[in-house]
Every structure is written in structure tokens, then in C-alpha cells.
1. Looking at GLU153, is it part of a helix (DSSP H, G or I), open to solvent by 50 Å² or more (accessible area, probe 1.4 Å) and closer than 30 Å to LEU2 by Cβ?
2. Among the candidates ALA126, ALA90, which residue alone is within 22 Å of ILE54 (Cα to Cα), at pLDDT below 95, small (Gly, Ala, Ser) and out of contact with any Pro (no Cβ under 8 Å at 6 or more places or on another chain)?
3. Within segment 131-150, which residues are assigned to a helix (DSSP H, G or I), surrounded by fewer than 18 Cβ atoms within 10 Å (Cβ to Cβ) and either of a type in the set (S, T, N, Q) or in contact with a Cys (Cβ under 9 Å, 6 or more places away or on another chain) (or both)?
4. Select from segment 80-120 the residues that are among the aliphatic types (A, V, I, L, M) and touching a Gly at 6+ places or on another chain (Cβ under 7 Å) and list them in ascending order.
5. How about segment 23-55: which of its residues are surrounded by 17 or more Cβ atoms within 10 Å (Cβ to Cβ) and of a type in the set (Gly, Ala, Ser)?
6. Are there any helices (runs of 4 or more DSSP H) wholly within segment 1-113 with 1 or more residues that are under 24 Å from SER130 (Cα atoms), and if so which?
7. Return a yes/no flag: does segment 110-119 have any residue that is open to solvent by less than 20 Å² (accessible area, probe 1.4 Å) and either more than 18 Å from ALA66 (Cβ to Cβ) or polar (S, T, N, Q) (or both).
8. Show the residue pairs meeting these rules: Cβ distance below 8 Å; 6+ apart or different chains; first residue within segment 137-150 and closer than 12 Å to ASP113 by Cβ; second residue part of a loop (DSSP other than H, G, I, E, B) and open to solvent by 60 Å² or more (accessible area, probe 1.4 Å).
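The values are calculated or read from the model by the stated rules, or taken from the named source; none is laboratory data. Keep in mind that this is a model prediction, so the values were computed, not measured. Every residue, glycine among them, receives a Cβ derived from its backbone with ideal geometry; neighbour counts consider all protein chains shown. Note: areas computed on protein heavy atoms with side chains; ligands, DNA, RNA excluded. Shrake-Rupley method; radii C 1.70, N 1.55, O 1.52, S 1.80 Å.
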Amino acid sequence: KLGIDAVGQAGGIVEAACCYTGDVSCPDRGLYDLEYYLGFVRELEAQGIHVLAIKDMAGLLKPEAAHMLVGAIREEFPNLPIHVHTHDTAGTGVASMLAAAKAGADAVDAAMDAMSGMTSQPSLGALVASTAGSDLDTGMTLEEVSRVNDYWEECRG
């Protein structure tokens, strides 16, 4: 609450994070079910946040769970921008970010291909290729991504 109030009073944009754990697609997995997250988002929204970040800090957000979670939040809060951050720990990051975007996320995080995967974010090139020509088209081309990626590949050695 203190941070939300301070940023708001300073005229900043308040992006509050909802840290994801568990598996909302498996309701008998305990405390962190879909209603838990919706209740938490309701509390944040009531405090005046401008953007909601779903922070999947361990890469646990599977595609079906991403679709369910983002879809439910989008349905209840149609005007609240949703930003999803994940790590590709389980190798499902690209599929999960596509599912989140299709369910209504406004932004998803990705990393340049040379720096993506495992404990990093999902591959930007894979997301660009997967959305090309669709209603989720990023407006980037694989050629543009490849040019920047070449630099990062060289940096990694």
C-alpha cells in the first residue's frame, strides 16, 4: 500500500505484481487457485493500480493456466492492462505467453533468442514467428530480430 500510494502521489504509473505459484489449472493443488488470484487482483485494483503484472518467477505458469488466469482477470477487469512475466524453466514459456496473449494480456516479456530459455524469458524470435500474420502480430520481422540477436550471440561468445 505504501509503494502504491507513493508512486500515485508522485504522478507515476503504478504497476503492481501478483506473484504466481501453484497451478490454477489443477484446482485441488491447494491455496493458490483461480479465486485466490482474482481476490488478490481485486484488492490491488481497489488500491488504484494502473497496470497488473503477473510475475511467474519460477516458470510454473503452464499454457492452460495462463489462459485461465489471464482470461478470468480480463473478464472481470476489461480495462486493466495486464503484463505477464515468466521464465522458461520448464520449456513452456513460448506456449504460455501465446496463451496469455490470446486470453487478453496486453504485454508479455521475452528475451532475444541468444539470451532466452531456461531461467531466462521465452524466445522473442519464437513469439514473433508464432504471431506473424495473426491478430497478435508484433509488427516485428524475423529479419529485424535476427539482426539484433546476432549482436547478442557475438557477445555471448
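1. No, not satisfied.
2. Numbers: ALA126 fails: at pLDDT below 95.
Among ALA126, ALA90, only ALA90 is within 22 Å of ILE54 (Cα to Cα), at pLDDT below 95, small (Gly, Ala, Ser) and out of contact with any Pro (no Cβ under 8 Å at 6 or more places or on another chain).
3. Initially, segment 131-150 is screened for residues assigned to a helix (DSSP H, G or I), giving 131, 142-150.
Now drop any that are not surrounded by fewer than 18 Cβ atoms within 10 Å (Cβ to Cβ), which leaves 142-144, 146-148, 150.
Passing the criteria: only SER146.
4. Filtering segment 80-120 for residues among the aliphatic types (A, V, I, L, M) gives 80, 82, 84, 90, 94-95, 97-101, 103, 105, 107-108, 110-112, 114-115, 118.
Of everything in segment 80-120, those that are among the aliphatic types (A, V, I, L, M) and touching a Gly at 6+ places or on another chain (Cβ under 7 Å) turn out to be ILE82, ALA90, ALA103.
5. If the condition is that a residue be surrounded by 17 or more Cβ atoms within 10 Å (Cβ to Cβ) and of a type in the set (Gly, Ala, Ser), then SER25, ALA53 are the ones that fit.
6. Values: elements: 2-9, 34-46, 63-76, 93-103.
By residue number, 63-76, 93-103.
7. For segment 110-119, residues open to solvent by less than 20 Å² (accessible area, probe 1.4 Å) and either more than 18 Å from ALA66 (Cβ to Cβ) or polar (S, T, N, Q) (or both): present.
8. Within 8 Å, the pairs are LEU142/ALA132.
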